[in-house]
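Encoded as structure tokens, here's the structure I'll be asking about.
The values are calculated or read from the model by the stated rules, or taken from the named source; none is laboratory data. Every value quoted in this text rests on a predicted model; they were computed, and no experiment measured them. Note that each Cβ is placed from the backbone with ideal geometry, even for glycine, and that neighbours are counted across all protein chains shown. Ligands, DNA and RNA are stripped out before the accessible areas are found, and what is left, the full protein with its side chains, is counted by its heavy atoms. Shrake-Rupley method; radii C 1.70, N 1.55, O 1.52, S 1.80 Å.
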Amino acid sequence: MTQPIVAEALVRRFGDLTAVDGVDLHVDEGEVFAFLGPNGAGKSTVVRMLVTLLRPTEGSARVAGFDVVTEAAAVRRSIGVALQDAAIDPMMTGNELLLLQSVMHGLPRSAARVRGPELLERVGLTAAGDRRVGTYSGGMRRRLDLALSLIHEPRVLFLDEPTTGLDPTSRQSLWEEVRRLNDEGTTVFLTTQYLEEADQLAGRLAIIDGGRIVREGAPGTLKEAIGSPTLRIDTPDSHRDSAAEVLARFGEPRPCREGRVAIGLAGGAGGMAEVVRALDEAGIPLDHLELDAPSLDDVFADATGRRLEGAE
Amino acid sequence: MTAARADDQSADDPSAVGAGMEPPHRGSVLAQAVELSRRSIRTSFRNMAAFIPGLVFPLMLAAVYSAQFSRALALPGFPKVDSFLDFIVPASILQSVSFGATAAGAELALDIEGGFFDRLVSSPVARVTILIGRLAGSAVEALVKSIIVLIVFFVFGARVDGGVGAVIVLLVASVLLALAIGAVGLLLAIRTGSQEAVNATFPLVFVTLFVSSAFFPTELMTGWYQAVAQNNPITWIIDPLRRLVIEGWSWSDAGLAIGLPGALAVLTMAAAVLGLQRKMASR
């Protein structure tokens, strides 16, 4: 079977700015694939090319077996799309939007009348179906947005930052729904700037930075490749340089928040005692010390030399 | 550029693309247009804050004018008319319609700003139905407002000498003008994607109506004001409409009153469709 999402050397320029700079993608049937990256990394631009909203400047992509440029209409019929910020007309009710979306996808109204309530129930919005969307909370909007993108039972689903700005509970319930859809066989392509989201949901992920994919693989494999755990310490400014010197004896420095020193602890957790002793001998006071098993955060930092905002 | 063309047509032949994972279904263009029209009609009536002023302001103005200017009827050169109220029937209707006539554009701009437009164009919808849907809302709103204004005028004693035919021409002309102005709004929305830009055109529409024969006959104007008013398309539409109201039925006036806004509407709608095609081709 053809892979539902294939991109080859995708490039998109806006004037002088190269937003996407040669992206290759191969997503398998039934996979949850996450695109992880900071704001402005080019995530949304790639998604917009894959869902036919933007034309690639160079390269090509096939989605659900169709070329996104020459067979755009067929791509649109085959995919479900929930773009950033849940763009929904606030003057309409959930039921009305579901009906509109059905007709846009060519479903007869009679079928839409059955499918709409089913989907509302699925995302837990049955009671709010006749309320105007303007009265919905952020989480309810995202759930309705998801329901709308499912109206024609697409085999491939695109979710652009589906939980950005949501509270933890709403985020959890959206994750559960994505898992359920995936269990039913839907291929999901999602973008996120949350490490945890990629870690929780994705079978495979790609880290994108500056319009290029800098790492790709299963979260577990990527973390294993980092190998050593990360040791971070806080120490007063005056001792930071000497602390870095001492720590450098135990492993390679790693990027971290300003004001801290971090290394990949080469000997693993067993080497901790020695590190503490060495710091003590050098007379370096410790405000804080932590040791973390390799995380996606480390993978991201290793790939880009930076930390994702909000991580650590 | 062939790629651009293929992308623009949502209704291209599905059988031509056999490599897909599932047979994509073709949506009915008519059903899409109907559903999008329902949406814009529904939301324009839900947005009462925008609907009501378009009724209240022209009616208040009509009340003030007909109280103030009733003696103007005696001026030499003023058309023979039973009351000032009769004289401004077409003006008040068109003014009421002009309120909110650019709303189609403002709503489309909102859809573009908010991303709903992207939702629509990432579904297999025929692009032109997005514009049809928006204009349908404006047309129905214009019709309803015109009918309400007419009823209020009738209640206060206005008379349409051209009879039922003239009333129908009044309503058709107002709907066509709403379409013409609405399509300009759509084009602006497509070109700028900004609601502010579209809304900024309303004062222009508003002033254009005042610098016409709407509230005063051009024969009694002087200087540049007269020159502008005489060359204002609104005057060309208002004058035959008014003759239908105060003089009686005439086929030639009916033709002018419908033909002019009709031609304008065709032109501006064609421009909006072309504008949308260009926007889609240049993404």
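Scan (1) open to solvent by less than 20 Å² (accessible area, probe 1.4 Å); (2) under 22 Å from B:L143 (Cβ atoms) for the single condition B:A229 breaks and write down its number.
Status for B:A229: all satisfied but (2).
Within the stretch A:17-27, can one find any residue that is open to solvent by 10 Å² or more (accessible area, probe 1.4 Å) and not in a strand (DSSP E or B)?
No, because not a single residue in the stretch A:17-27 is open to solvent by 10 Å² or more (accessible area, probe 1.4 Å) and not in a strand (DSSP E or B).
Residues checked against (1) closer than 19 Å to B:F57 by Cα; (2) of a type in the set (F, W, Y); (3) surrounded by fewer than 24 Cβ atoms within 10 Å (Cβ to Cβ):
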site	(1), (2), (3)
B:G100	yes, no, no
B:A103	yes, no, no
B:D111	no, no, yes
B:F117	no, yes, yes
B:L120	no, no, yes
B:P124	no, no, no
B:A142	yes, no, no
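In this structure, is B:D118 within 14 Å of chain A (Cβ to nearest Cβ) and of a type in the set (D, E)?
Yes.
Residues in the stretch B:140-151: is at least one within 12 Å of chain A (Cβ to nearest Cβ) and in contact (Cβ under 8 Å) with a residue 60 or more places away in the chain? Give the derivation first.
Step one: of the stretch B:140-151, the residues within 12 Å of chain A (Cβ to nearest Cβ) are none.
Checked the stretch B:140-151: no residue is within 12 Å of chain A (Cβ to nearest Cβ) and in contact (Cβ under 8 Å) with a residue 60 or more places away in the chain.
Out of the residues in the stretch A:43-62 meeting the condition of being of a type in the set (V, I, T) and more than 8 Å from chain B (Cβ to nearest Cβ), tell me which one is surrounded by the most Cβ atoms within 10 Å (Cβ to Cβ).
The residue in question is A:V46.
For the stretch A:32-58, give me the residue count where each residue is over 19 Å from A:L195 (Cβ atoms) and assigned to a loop (DSSP other than H, G, I, E, B).
Within the stretch A:32-58, residues that are over 19 Å from A:L195 (Cβ atoms) and assigned to a loop (DSSP other than H, G, I, E, B) number 7.
Have a look at B:G185, B:G133 and point out the one that is over 23 Å from B:L260 (Cβ atoms), within 14 Å of the chain's Cα centre (by Cα) and touching a residue at least 40 places away in the same chain (Cβ under 8 Å).
B:G133
Within the stretch B:67-91, can you find the residues that are surrounded by fewer than 14 Cβ atoms within 10 Å (Cβ to Cβ) and assigned to a helix (DSSP H, G or I)?
Passing the criteria: B:A67, B:Q68, B:S70, B:R71, B:A74.
Of the residues that sit in the stretch A:132-157 and are over 17 Å from A:L119 (Cβ atoms) and within 12 Å of chain B (Cβ to nearest Cβ), which one is nearest to the chain's Cα centre (by Cα)?
Looking at residues that are over 17 Å from A:L119 (Cβ atoms) and within 12 Å of chain B (Cβ to nearest Cβ), I get A:V156.
Let me ask something else about it. For the stretch A:213-227, enumerate the residues that are surrounded by 17 or more Cβ atoms within 10 Å (Cβ to Cβ) and in contact (Cβ under 8 Å) with a residue 40 or more places away in the chain.
Listed by number, the residues that qualify are A:I213, A:V214, A:R215, A:P219, A:L222, A:K223, A:I226.
Considering only residues that are more than 8 Å from chain B (Cβ to nearest Cβ) and of a type in the set (S, T, N, Q), look in the stretch A:63-95 and name the one that is nearest to A:S137 (Cα to Cα).
Applying the filter and picking the extreme gives A:T93.
Condition check: open to solvent by less than 50 Å² (accessible area, probe 1.4 Å), more than 10 Å from chain B (Cβ to nearest Cβ), within 21 Å of the chain's Cα centre (by Cα) and acidic (D, E). Does A:E31 satisfy that? So that I can check it myself, show each step before the final result.
Working: open to solvent by less than 50 Å² (accessible area, probe 1.4 Å): yes; more than 10 Å from chain B (Cβ to nearest Cβ): yes; within 21 Å of the chain's Cα centre (by Cα): yes; acidic (D, E): yes.
So A:E31 fits the description; yes.
If a residue counts only when it is buried (at least 24 other Cβ atoms within 10 Å of the Cβ), which helices (runs of 4 or more DSSP H) contained entirely in the stretch A:63-144 have at least 3 such residues?
Details: elements: A:72-78, A:94-104, A:109-122.
Here the list reads A:72-78, A:94-104.
B:V64 passes all but one of (1) open to solvent by less than 50 Å² (accessible area, probe 1.4 Å); (2) part of a helix (DSSP H, G or I); which number fails?
Result: B:V64 fails condition (1) only.
Inspect all residues belonging to the stretch B:101-110 and state whether any of them is in a helix (DSSP H, G or I), closer than 26 Å to B:L170 by Cβ, at pLDDT 85 or above and not aliphatic (A, V, I, L, M). Write out each step before concluding.
First pass over the stretch B:101-110, keeping only residues in a helix (DSSP H, G or I): B:103-110.
From the residues that got through so far, the ones that are closer than 26 Å to B:L170 by Cβ too are B:103-107.
Still in the running and at pLDDT 85 or above: B:104-107.
Remaining after also requiring not aliphatic (A, V, I, L, M): B:105, B:107.
Yes, there is a match, as at least one residue in the stretch B:101-110 is in a helix (DSSP H, G or I), closer than 26 Å to B:L170 by Cβ, at pLDDT 85 or above and not aliphatic (A, V, I, L, M).
If the requirement is being among the hydroxyl-bearing types (S, T, Y), in a loop (DSSP other than H, G, I, E, B) and more than 24 Å from A:T164 (Cα to Cα), which of these qualifies: A:S242, A:S228, A:S238?
A:S228
Among what's in the stretch A:155-169 and is open to solvent by 10 Å² or more (accessible area, probe 1.4 Å) and in a loop (DSSP other than H, G, I, E, B), pick the residue that is nearest to A:Y194 (Cα to Cα).
A:T164
Kindly provide the set of residues from the stretch A:251-295 that are in a helix (DSSP H, G or I) and open to solvent by 70 Å² or more (accessible area, probe 1.4 Å), ordered by number.
A:G270, A:E274, A:R277, A:D280, A:E281
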